[in-house]
Amino acid sequence: MSVFVEALQGRNRGRPPIWLMRQAGRYLPKYRELRQKWSFLQLCRQPDLIAEVTMLPIRTFGMDAAIVFSDILLILEALGVGLQFQDATGPLIERPLEKAADVHALPRIQARESLSFVSEGIKLLKQTLSVPLIGFAGAPFTLASYIIEGKTSRSFEKTKRWMYADPASFHQLLDLLTDQVIGMLEMQIEAGVDALQLFDSWAGTLAYPQFCSFSLAYLQKIIQRIKGRVPLILFCKGASSLTTELTSIGPNGISFDWNVSLPALRTVIPSQIAIQGNLDPQLLHAPLNVIRAEAQRLMQGMRGDPRFIFNLGHGILPDTPVEAVRVLVETVQQGESQ
Ligand code: 1CP
């Protein structure tokens with residue numbers, strides 16, 4: 001039995017499992033080599049390459065879980081709005097939505113049909129992988145923000161203007177995205193993933209009432225549909241003050257960013273919910289002894305917690321030194337120093 005699955009089931013008695021968000025990515029020299037030959041979307045679309053990239057960090061560092069190499073924004077590509085990834089600026093939607101009529105004009109298709117390569121990649125991985133495999137999707141609010149802004153945003157001006165001015169059509173968009181997300185998650189379960197993570201990366205930018213109606217309600221709907229099939233971990237960056245709300249919708253685990261103390265959170269989070277996190281990704285630029293000390297501090301704080309999963313508070317940064325990742329994984333897997 002794997003230590004990651006044991007932690008999700010609340011039966012881990014030893015050192016915590018470790019995996020890192022964005023562990024298969026640009027900080028890996030071998031990934032950058034593959035990117036000389038293939039674009040990011042080409043990598044995402046070929047099952048054998050999905051499997052190869054997913055396994056890169058496992059082969060290099062031996063994390064306790066793998067995450068399917070893919071992207072939350074592929075659903076938007078399937079909806080026909082045109083998706084590109086540019087090296088300098090990140091994702092770009094060619095035809096972002098601007099008004100209610102654009103929502104109604106979206107094709108009534110199931111993204112899972114045109115994204116079957118994700119399922120093929122998972123099936124290949126399940127034949128060779130020695131650790132559990134995590135599938136994922138973006139949450140409806142976060143996906144809506146990309147399909148409206150058209151690119152990475154920090155202020156979400158267009159998204160929020162639409163949400164406040166025309167909540168009815170904003171809800172229609174969220175409903176449509178929720179159906180697509182559920183379809184993608186079900187597809188990954190059917191293909192064999194051992195757990196799921198749902199990324200609501202930008203929900204933490206919402207005001208409280210809007211968080212409840214435009215993010216939480218949809219997260220709840222998704223969790224209800226997936227419940228009892230495979231464990232689901234929820235990641236809402238910047239939403240650690242909303243712990244009560246997040247626990248109320250019944251995820252199997254919650255992933256936290258680095259602004260909070262995990263031992264303090266454990267006093268309010270029910271013991272049947274796993275806690276995942278939460279080192280600052282920037283810590284991986286620190287001297288190796290500092291990385292070891294901070295990893296030890298976090299492990300000591302969560303000592304004896306059978307449902308703690310070691311991770312970063314957000315994705316690993318592209319310029320992270322490989323040696324730092326190696327030292328972090330080693331430190332956690334050797335367990336607490338006495
Ligand atoms: O090679 C490249 O240029 C592409 C870089 C890259 C990679 C490796 C992107 C573009 N996405 C990914 C993989 C990815 N994305 C994974 C799979 C594997 C892994 O974790 O190792 C996952 C789970 C994601 C999830 C994802 N994509 C999220 C949610 C998590 C988070 O970081 O908050 C989001 C918001 C995206 C959108 C996205 N994809 C890529 C970029 C540059 C972005 C934009 C990020 C932003 O707006 O800040």
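Summary of values
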{"quantity": "The stretch 299-313 - residue that is crowded, with 21+ Cβ neighbours inside 10 Å and either basic (K, R) or within 16 Å of the ligand (Cβ to nearest atom) (or both) and, of those, farthest from A203 (Cα to Cα)", "calculated": "R307"}
{"quantity": "Count of the stretch 62-92 residues which are within 12 Å of the ligand (Cβ to nearest atom) and outside any loop (DSSP other than H, G, I, E, B)", "calculated": "13"}
{"quantity": "Neighbours by Cβ (under 8 Å, 6+ apart or cross-chain): first from the stretch 13-35, small (G, A, S); second part of a loop (DSSP other than H, G, I, E, B) and within 12 Å of the ligand (Cβ to nearest atom)", "calculated": "A24/F69; G25/G315; G25/I316; G25/P318"}
{"quantity": "Only listed residue being in contact (Cβ under 8 Å) with a residue 24 or more places away in the chain, surrounded by fewer than 22 Cβ atoms within 10 Å (Cβ to Cβ), within 30 Å of M1 (Cβ to Cβ) and of a type in the set (S, T, N, Q), chosen from S114, S130", "calculated": "S130"}
{"quantity": "Hits in the stretch 1-51 - residues which are within 16 Å of the ligand (Cβ to nearest atom), crowded, with 17+ Cβ neighbours inside 10 Å, on the phi < 0 side of the Ramachandran plot and not in a helix (DSSP H, G or I)", "calculated": "P17, I18, W19, L20, M21, Q23, A24, G25, Y27, L28"}
{"quantity": "Candidates I182, I226, I189, I147 - the one that is within 15 Å of the ligand (Cβ to nearest atom) and either in contact with an Asp or Glu (Cβ under 9 Å, 6 or more places away or on another chain) or modelled with pLDDT of 95 or more (or both)", "calculated": "I147"}
{"quantity": "Looking only at the stretch 253-291, and only at residues there that are more than 22 Å from P318 (Cβ to Cβ) and among the β-branched types (V, I, T), the one that is surrounded by the fewest Cβ atoms within 10 Å (Cβ to Cβ)", "calculated": "T267"}
{"quantity": "Residues that are buried (at least 22 other Cβ atoms within 10 Å of the Cβ) and more than 18 Å from the chain's Cα centre (by Cα), drawn from the stretch 168-185", "calculated": "F170, L173, L174"}
{"quantity": "Options Q220, Q188, Q197: the member that is under 25 Å from Q9 (Cα atoms) and surrounded by fewer than 18 Cβ atoms within 10 Å (Cβ to Cβ)", "calculated": "Q220"}
{"quantity": "Subset tally (residues that are among the hydroxyl-bearing types (S, T, Y) and modelled with pLDDT under 95) for the stretch 316-338", "calculated": "1"}
{"quantity": "The stretch 314-326, subset under 13 Å from L283 (Cβ atoms) and surrounded by fewer than 17 Cβ atoms within 10 Å (Cβ to Cβ), residue farthest from the ligand (Cβ to nearest atom)", "calculated": "P321"}
{"quantity": "Hits in the stretch 171-211 - residues which are under 19 Å from L73 (Cβ atoms) and polar (S, T, N, Q)", "calculated": "T178, Q180, Q188, Q197, S201, T205"}
{"quantity": "Condition check for D102: more than 14 Å from the ligand (Cβ to nearest atom), over 16 Å from L173 (Cα atoms), modelled with pLDDT of 95 or more and surrounded by 14 or more Cβ atoms within 10 Å (Cβ to Cβ)", "calculated": "no"}
{"quantity": "Residue match in the stretch 328-335 (condition: more than 18 Å from D257 (Cα to Cα), within 16 Å of the ligand (Cβ to nearest atom) and surrounded by 15 or more Cβ atoms within 10 Å (Cβ to Cβ))", "calculated": "yes"}
{"quantity": "First in the stretch 264-286 and in contact (Cβ under 8 Å) with a residue 12 or more places away in the chain and over 15 Å from N252 (Cα atoms), second anywhere and part of a loop (DSSP other than H, G, I, E, B) and among the basic types (K, R), Cβ under 9 Å, 6 or more apart", "calculated": "P281/R22"}
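The values are calculated or read from the model by the stated rules, or taken from the named source; none is laboratory data. Everything numeric in this text was worked out from a predicted model, so none of it was measured. Every residue, glycine among them, receives a Cβ derived from its backbone with ideal geometry; neighbour counts consider all protein chains shown.
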